[in-house]
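The values are calculated or read from the model by the stated rules, or taken from the named source; none is laboratory data. Remember, it's a predicted structure, so these values are computed and weren't measured experimentally. Reconstructed Cβ throughout: ideal geometry from the backbone, glycine too, with neighbour counts over all protein chains shown. The area values use the complete protein model at the heavy-atom level, side chains included, leaving out ligands, DNA and RNA. Shrake-Rupley method; radii C 1.70, N 1.55, O 1.52, S 1.80 Å.
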Amino acid sequence: MTRIPSHDTAGKEARVRRLRAARVQDSEAKTARALDVVRDLLASGQRITCARVAREASVSTWFVYNQPQVRDTVRAAMHEQREHGSRTIAAPGPGQVTPAGLHTELALAREEIKDLKKERDRLRERVRLSLGAELDDVDRRQLVERIRQLEQQNTELKRELSEARDRLTDSERRLHEAEDDLTAARASLRRAMRAVPSK
């Protein structure tokens, strides 16, 4: 005898379908935002990183790394910038450097380093918590591929962290130089004012 689905079963299946459709729609919206951010950063010549794309698209870095279309687009854009150089706006000359601008650069670099460290810690914790469950559910080949992906993500995060630290060091150096120039200019101005004969 054919079993007629109960009202509760039909309602549950409808809710599951709606949830799946909403999840797909949400993923598509996140993907579109992330791809738009990559295109805009590439067009403006600004440096592209997974963390930056995630932040500006309001998605998680995990999403950037694990959504194939977004991950491949980000990697292709980063490769293009490494090969051809990013068309960033030229750094201001010595006469245009201001301590305020360099302080802003420092703050941005420190913020990016902090984000990268947080993401690294989240990935480590995720691996620690999920590796045992994955061992039960996947075969050896899938496990090796997953470990390879995690190692690649870790390498990328380390590279981004190293580059952010380099930018921070450079910004600090430029800030000190600007402050030294400012001090020297003030001293020179005071000497010039003292040298002017009073009427």
Return a yes/no flag: does segment 8-16 have any residue that is small (Gly, Ala, Ser), modelled with pLDDT under 85 and in a loop (DSSP other than H, G, I, E, B). no
The conditions are (1) under 24 Å from ARG82 (Cα atoms); (2) touching a Phe, Trp or Tyr at 6+ places or on another chain (Cβ under 9 Å); (3) of a type outside the set (Phe, Trp, Tyr), and ARG47 fails exactly one of them. Which is it? (2)
Is it the case that some residue within segment 172-192 is under 26 Å from SER58 (Cα atoms), open to solvent by 60 Å² or more (accessible area, probe 1.4 Å) and modelled with pLDDT of 75 or more? no
